[in-house]
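I have placed the structure first, in the form of structure tokens, so that the comments after it can refer back to it.
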Amino acid sequence: MKKKITINWSLGGIYIVLILVAIVTITPFYWGVISSLREYSKLFNPKMWVDNPTLENYVKLFTATSFLRWFFNSLVIAVSHTLLVLFFCSLGGYAFAKYEFRGKEILFLLILGSMMIPIWVGIIPMFLWFSKLRLINTYWVLILPGSANAFGIFLMRQYIQGIPSEMMDSARIDGCSEFHIYYQIILPVIKPALGALTIYTFLFSWNNFLAALIFMRTKDMFTVPVGLSALVGEQQPQYGVLMAGTFISVIPVVIIFLRMQKELIAGLTLGAIKA
Amino acid sequence: MKLSIKNAPYIFIAPFFVLFAIFSIVPIFYSAWLSFYRVEGILSPPKFVGVNNYLSLFQLPRFLNSIRVTFIFTVSHVSIMLIIALILALILNLRIKERNFFRLALFLPVVTSLVAAAIIFKLLLSYDMGLVNLILRWMGLPGYDWLTDPKLALPSIVILCTWRWFGFHMVVLLAGLQNISQELYDAAKVDGGSSLQVTWYITLPLLFPVIFFCIVISVIGSLQLFDEPYILTEGGPADCTRSIAMYLYDTGFLRFQLGRASAIGYVLSVIIFIVTLFQIRILGKQAGFR
């Protein structure tokens, strides 16, 4: 009898810890949302709730800033980058998983090694070099770099290795071309892995800050994070408007996360545990 | 050209190498070249100065300060965050019914962008608009200038980064814990081990490779700290939060000292490389790497 009570006590303690931590992780979002619903004058010495919620900050966000344009830019960049990553990385991962060729091991190590290079080592001349290539202030400068990346190729290789090779061999006997085998046999069966890579890549691109900050030079080409950070840097930041923009920028990410959390966590642990 | 089983794999991996050459290799070599030149502004002609850019860096108090800031941040952030992540992963690994709900709630900060998180925290920690001071005042304590007090600015950034990232490491550690076979626990229980003993002597050593992975990647990330101080404190007050990367940005993109900034890029990369190598040497053996 006594033992049961102690167990319940510790279980209760565990739940209290978990609930407290969950409150700590959720509260900043709550604070951001209610701040976006406040009038400017009510931002100071605030309360825990909003008395007269107003949408004026959202109206200002869409009329007085270029937020819609930034949102559009971010969307175009994130979607195109993700599509390219899916194509290049599944193709590369397939080659490493299912073909034998000279230099395979060394080339694979080289690709993995590229993960170790921090962006900071080349960031200064990147600006000069990309202006020579006429890429500065274009979508391409955020779409192309990293569209064939080590993480994606590694993830795809891990997954494709688990697929039996017989299907490919029989397709070859039937006279199927190498690209058709990839396109018609491999692609359909690696959908779960593509799902994980999609979320991961989209999140990364949507949230990417440094490259967009450096390579996008005019207001109409900013992405959402760069645009918001420019608003923070203004003389008197309009926090209500900022919170409205921040809240809207988080919505797509949270929707994707809630819908695809299984794939996200599976992809993350596949990459981490196997590495 | 027709694809055959011989040339197909080369064509399939070619995109990586073409893009890598254009977007990484060229800038890396260009940067090495620049780091031996004195370049003031984009239009002025570069002047060869040898290794002077590197040598002079180590006499610059602001640069040395940025190294100090970066290391203080890395050590405090990584240790605090991983201890929290580990404890929560151990808790969630108990058979808790609502595990999925909590895993979801605690992972949410990971998917929000650093910029969004930093902006929210800027408001949260603000002196007269922030929730943190509101709560402190409720409890009868004074409010603090979290972002402009030299003593509190870096801790504020540690708080933000820990909030943003602990869920990621918690999920990775939880996956590692679920890979440990249940039989080992049962055997230990039969032998009369208490749950704390089992955790300490069995779970943690078996989990160490995963912990090691978390340490290595979070250290690599922390040494490149940039987004959070850029938004939250702009490196201030008085350079208290100016990390190496912040200093590089300042030197290259605001002062246009391109040669010196390139040298900082190389020094930062060498620091990351040495620290990672050091960890593999010291901790890697226990983790079963070589």
Exercise for review: Kindly establish whether A:Gly122 is crowded, with 24+ Cβ neighbours inside 10 Å, within 30 Å of B:Leu254 (Cα to Cα) and assigned by TED's automatic domain parsing to the domain that holds A:Ile199.
Suggested key: yes
**Study point:** Of the criteria (1) more than 9 Å from every other protein chain (Cβ to nearest Cβ); (2) polar (S, T, N, Q); (3) touching a helix residue (DSSP H, G or I) at 6+ places or on another chain (Cβ under 8 Å), which one B:Ser79 fails
**Key:** (3)
Study note, to complete from the structure: Of (1) modelled with pLDDT of 85 or more; (2) farther than 20 Å from A:Tyr30 by Cβ; (3) among the charged types (D, E, K, R), B:Lys122 satisfies every one except (2)
**Study point:** Residue list for segment B:16-48, filter: of a type in the set (Gly, Ala, Ser) and either crowded, with 16+ Cβ neighbours inside 10 Å or under 28 Å from A:His81 (Cβ atoms) (or both)
**Key:** B:Ala21, B:Ser24, B:Ser31, B:Ala32, B:Ser35
Exercise for review: Taking the options A:Gly12, A:Gly92, name whichever one is in contact with a Phe, Trp or Tyr (Cβ under 8 Å, 6 or more places away or on another chain) and either in a helix (DSSP H, G or I) or more than 28 Å from A:Ala212 (Cβ to Cβ) (or both).
Suggested key: A:Gly92
Practice item. Report whether or not B:Leu147 is more than 13 Å from every other protein chain (Cβ to nearest Cβ) and farther than 30 Å from A:Leu264 by Cβ. Key: no
Point to revise | Residue that is nearest to the chain's Cα centre (by Cα), among those in segment A:68-85 that are within 13 Å of chain B (Cβ to nearest Cβ) and crowded, with 19+ Cβ neighbours inside 10 Å | key: A:Ala78
Revision key, fill the gap. Scanning segment A:38-67 residue by residue, those outside any loop (DSSP other than H, G, I, E, B) and closer than 20 Å to A:Ile248 by Cα turn out to be A:Tyr40, A:Leu43, A:Glu56, A:Asn57, A:Tyr58, A:Val59, A:Lys60, A:Leu61, A:Phe62, A:Thr63, A:Ala64, A:Phe67
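This table checks each residue for (1) surrounded by fewer than 16 Cβ atoms within 10 Å (Cβ to Cβ); (2) away from chain A (no Cβ under 14 Å); (3) of a type outside the set (S, T, N, Q); (4) on the phi > 0 side of the Ramachandran plot.
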residue: B:Leu125; (1), (2), (3), (4): no, no, yes, no
residue: B:Asn133; (1), (2), (3), (4): no, no, no, no
residue: B:Leu154; (1), (2), (3), (4): no, yes, yes, no
residue: B:Phe166; (1), (2), (3), (4): no, no, yes, no
residue: B:Val172; (1), (2), (3), (4): no, no, yes, no
residue: B:Leu177; (1), (2), (3), (4): no, no, yes, no
residue: B:Val190; (1), (2), (3), (4): yes, yes, yes, no
residue: B:Ile202; (1), (2), (3), (4): no, yes, yes, no
Check your understanding: Taking interchain pairs and intrachain pairs at least six residues apart, which have beta carbon atoms under 7 angstrom, with the first residue in segment B:15-31 and more than 8 Å from chain A (Cβ to nearest Cβ) and the second among the basic types (Lys, Arg) and crowded, with 16+ Cβ neighbours inside 10 Å?
Key -> none
Check your understanding: Filter segment A:8-45 for residues that are more than 17 Å from B:Pro109 (Cβ to Cβ), β-branched (Val, Ile, Thr) and more than 9 Å from chain B (Cβ to nearest Cβ); which is nearest to the chain's Cα centre (by Cα)?
Key -> A:Ile34
**Study point:** Residue among A:Ile248, A:Ile173 that alone is within 26 Å of the chain's Cα centre (by Cα) and not assigned by TED's automatic domain parsing to the domain that holds A:Lys42
**Key:** A:Ile248
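The values are calculated or read from the model by the stated rules, or taken from the named source; none is laboratory data. Small disclaimer: the values here were computed from a predicted structure and weren't measured. In this analysis, Cβ positions are derived from the backbone assuming ideal geometry, glycine residues included, and neighbour counts consider all displayed protein chains.
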